[in-house]
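One structure below.
The values are calculated or read from the model by the stated rules, or taken from the named source; none is laboratory data. Being a predicted model, the structure only gives us computed values, none of them experimental. Every residue, glycine among them, receives a Cβ derived from its backbone with ideal geometry; neighbour counts consider all protein chains shown. For the accessible areas, the whole protein counts, side chains as well, though only heavy atoms, and no ligand, DNA or RNA atoms are used. Shrake-Rupley method; radii C 1.70, N 1.55, O 1.52, S 1.80 Å.
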Amino acid sequence: KERLVLLTDNCLLVVFFDFVASKIHSFKRIVLKNLTSVKIGPFEYPPNSLMPRRAGTGVQLYWSREEATAVQKWNPFNRDIPYAIFSSHPLIERTLRDPDVYRVETFHVALVQ
């Protein structure tokens, strides 16, 4: 599954799309005026994380001032976490197309304008 991110004047649409099956699995609409925080920086992992380390920059969007609970964070089926994290496409350096389209820094600049 890939995430397609569409930025409009009023909202951000995050579409979970399966290119192999040509099918939309789900989508999330985030109203831009509801954003409470936008953070950009290098990925940081907890010392005991099971996730493989990944270099690069990420953009984190928050639309609630409430902190997500531990149950919300650890449940992989939970869709009510009040933030989203975005990164550049892993194949950004191998693409023949315009690499700015795949770069998270370009997305951040467009978002905060």
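When the stretch 41-70 is limited to residues that are aliphatic (A, V, I, L, M) and open to solvent by less than 80 Å² (accessible area, probe 1.4 Å), the one that is farthest from Tyr102 (Cα to Cα) turns out to be Ala70.
Among residues of the stretch 75-109 being hydrophobic (A, V, I, L, M, F, W, C) and surrounded by fewer than 10 Cβ atoms within 10 Å (Cβ to Cβ), the one that is farthest from Phe43 (Cα to Cα) is Leu96. In the stretch 10-30, the residues that are on the phi > 0 side of the Ramachandran plot and assigned to a strand (DSSP E or B) never reach a residue that is of a type in the set (D, E, K, R) and surrounded by 12 or more Cβ atoms within 10 Å (Cβ to Cβ) with C-beta atoms less than 8 angstrom apart, at least six apart or across chains.
Yes/no per residue for (1) basic (Lys, Arg); (2) in a loop (DSSP other than H, G, I, E, B); (3) under 15 Å from the mean Cα position of the chain (by Cα):
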| position | (1), (2), (3) |
| --- | --- |
| Val5 | no, no, yes |
| Pro47 | no, yes, no |
| Arg65 | yes, yes, no |
| Asn78 | no, yes, no |
| Glu93 | no, no, no |
